[in-house]
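Let me begin by presenting the structure, written as structure tokens, before commenting on it.
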Amino acid sequence: GKRDTPDKTDGVKEKESIPLDDVEDGDEQTKRHLNVVFIGHVDAGKSTIGGQILYLSGQVDERTIQKYEKEAKDKSRESWYMAYIMDTNEEERVKGKTVEVGRAHFETETTRFTILDAPGHKSYVPNMISGASQADIGVLVISARKGEFETGYERGGQTREHVQLAKTLGVSKLLVVVNKMDEPTVKWSKERFDEIESKMSLFLKSSGYNVKKDVQFLPISGLMGTNMKSRMGKDICPWWNGTCLFEALDAIEIPPRDPQGPFRMPIIDKFKDMGTVVMGKIESGTIRDGDTMVVMPNKVQVKVLAIFCDENRVRRAGPGENLRVRLSGIEEEDIIGGFVLSSVGEFLGLAFCHSLPFQSCLYQVILKTFYAFAARPVAAVSEFLAQLSILELLDNAIFCAGYKAVLHIHSVVEECEIVELTQQIDPKTRKRLKKKPLFVKKGAVVECRVQVNNMICIEKYSDFPQLGRFTLRTEGKTVAVGKVTGLTSSESA
Ligand code: GDP
């Protein structure tokens with residue numbers, strides 16, 4: 001249908017100008033949606049597998065395949081599959097921002113998947129942090145090729161760092177694909193697969209994964225597409241009786257998310273398209289056409305004009321969905337990545353509190369509790385308390401008050417400073433040590449006060465894990481991972 005240019009100051013009017021029968025009937029998605037992040041050492045085969053998945057799920061049209069097949073003949077084969085992700089989605093590029101943020105989509109029987117930070121994409125964050133912070137599941141790619149598994153797994157290899165980050169960032173389910181099984185040095189060897197499985201299992205356990213419940217191993221060849229969309233034959237691998245990759249992805253169960261919770265959508269990007277459009281993933285709550293929301297931390301009240309899930313307009317969307325939301329009441333220039341689209345909040349409780357003739361402490365407590373669980377807007381702070389695990393320090397430096405790093409929390413990236421170490425915790429016994437530490441070293445667990453220059457929207461880890469876990473990085477290295485344990489100098493809308 002034809003849509004008028006929106007009048008930014010009058011959301012209601014714009015909404016009326018869009019006939020609702022323009023909204024597709026399938027506005028309530030029947031398939032569940034999951035975000036997946038690919039992790040693993042460089043050259044393990046992440047891009048190849050990503051491209052192969054898109055090819056096998058019919059995301060790449062015949063014409064494009066032919067085009068790249070021809071090119072692949074001229075050039076080396078390496079960039080062949082990668083090219084699929086990057087260059088085929090001409091249409092998507094025109095329609096939306098999918099390609100620009102490095103996302104790709106595919107579907108299996110029961111699930112729609114979004115590949116976050118699609119590997120091979122030019123803006124791919126090699127440390128995969130931004131992807132992992134939004135991911136529901138991780139696909140850990142391991143190369144079975146002689147020497148490559150070993151390199152990836154050794155100190156300095158990315159396998160370890162990625163697994164530890166994924167765990168801390170809340171990726172609770174892992175599919176470990178043992179890739180390159182077709183390699184001449186591997187030849188679908190059961191011994192090699194078993195060796196990798198047992199070594200990785202030990203390591204994953206030590207990183208906090210429940211290997212029996214939350215981890216699954218699969219042999220595949222990303223390059224050949226073997227054991228990916230359909231199970232492989234005994235002629236290829238006589239000893240494998242398990243599932244293929246798509247089946248395994250289909251069967252992954254993740255804990256149900258609460259559509260009734262307060263609305264929280266960290267904004268990862270924004271642009272102008274008949275109004276102001278913001279992109280992000282719903283971490284909590286439900287959004288509907290016509291809702292009044294607030295953009296935090298700048299506290300601008302906005303109206304929801306339209307909601308797009310993948311390329312479809314929908315009337316409402318719940319937790320886990322990646323959306324583009326058209327808003328009125330705010331200019332695109334006034335939003336930056338890391339801001340949060342939030343429910344406005346219930347002020348009734350507090351108003352009621354002030355009208356009471358007697359205000360006992362108990363009342364305050366009850367109302368505070370009520371307020372905490374009602375649809376309050378996301379907190380905006382410039383300082384918070386956190387528990388940190390120190391992973392690595394540059395040049396064996398010490399970690400003390402005054403330490404500066406870059407804070408990555410949901411879609412926020414901000415300079416921060418540790419202003420005080422308040423308590424050290426024994427990493428093994430989890431006991432709190434009595435003496436207040438002046439400094440700590442690598443491997444320590446410590447509680448501290450963290451300051452940022454600009455207001456940021458975060459939550460306590462115990463309230464909203466997705467908005468309360470973070471990493472600290474300096475010079476491109478992850479120094480520490482942490483959880484928000486308290487909010488100070490908090491402001492609400
Ligand atoms: P990434 O860095 O993890 O994204 O790895 P790439 O997808 O770029 O792959 C690195 C190299 O491994 C490329 O030369 C691929 O062709 C090769 N490769 C990837 N998967 C397979 C596989 O299943 N079998 C074989 N033999 N080679 C593979």
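What is the gain in length, in nm to one decimal, between S201 and T488 on full extension, counting 0.36 nm per residue of separation less the C-alpha to C-alpha distance?
99.3 nm
Beyond 31 Å between alpha-carbons counts as too far, so tell me which of K404/K431; K187/K229; K187/K442; K229/K428 fall in that bin.
K187/K442; K229/K428
Listing T471, T478, T422, T30 from the residue with the fewest other Cβ atoms within 10 Å to the one with the most, what is the order?
Starting with the residue having the fewest Cβ neighbours, the order is T30, T422, T478, T471.
Net charge near E417: determine it from the other residues with C-beta under 13 Å of the C-beta of E417, scoring Lys and Arg +1 and Asp and Glu -1.
Residues close to E417 contribute a combined charge of -2.
Among 393-405, 311-323, how do they line up by average Cβ neighbours within 10 Å per residue, starting with the highest?
311-323, 393-405
Can you sort K270, K434, K146, K173 so the residue with the fewest Cβ neighbours within 10 Å comes first?
Taking fewest neighbouring Cβ atoms as first place, the list is K434, K146, K173, K270.
Once the Cα gyration tensor of segment 161-305 is diagonalised, what are the square roots of 5 times its eigenvalues, in whole Å and ordered largest first, as equivalent ellipsoid semi-axes?
So the equivalent ellipsoid measures 42, 18, 14 Å along its semi-axes.
Work out how much length K442 to K212 would gain on full extension: take 0.36 nm times their residue separation and subtract the Cα-Cα distance, in nm to one decimal.
So the extension gain works out to 79.8 nm.
Rg/Rh for segment 251-351: what does it come to with C-alpha atoms and Rh from Kirkwood?
0.98
Pairs K303/K460; K146/K234; K167/K212; K146/K180: which are spaced more than 19 Å apart, C-alpha to C-alpha?
In this structure, K303/K460; K146/K234 lie more than 19 Å apart at Cα.
Taken together, the values in this text are just the output of simple stated rules run on the coordinates, not laboratory data. As the structure is a computational prediction, the values presented were derived from the model and not from experiment. Ideal geometry is used to build each Cβ from the backbone, glycine not excepted, and the neighbour counts take in all protein chains shown.
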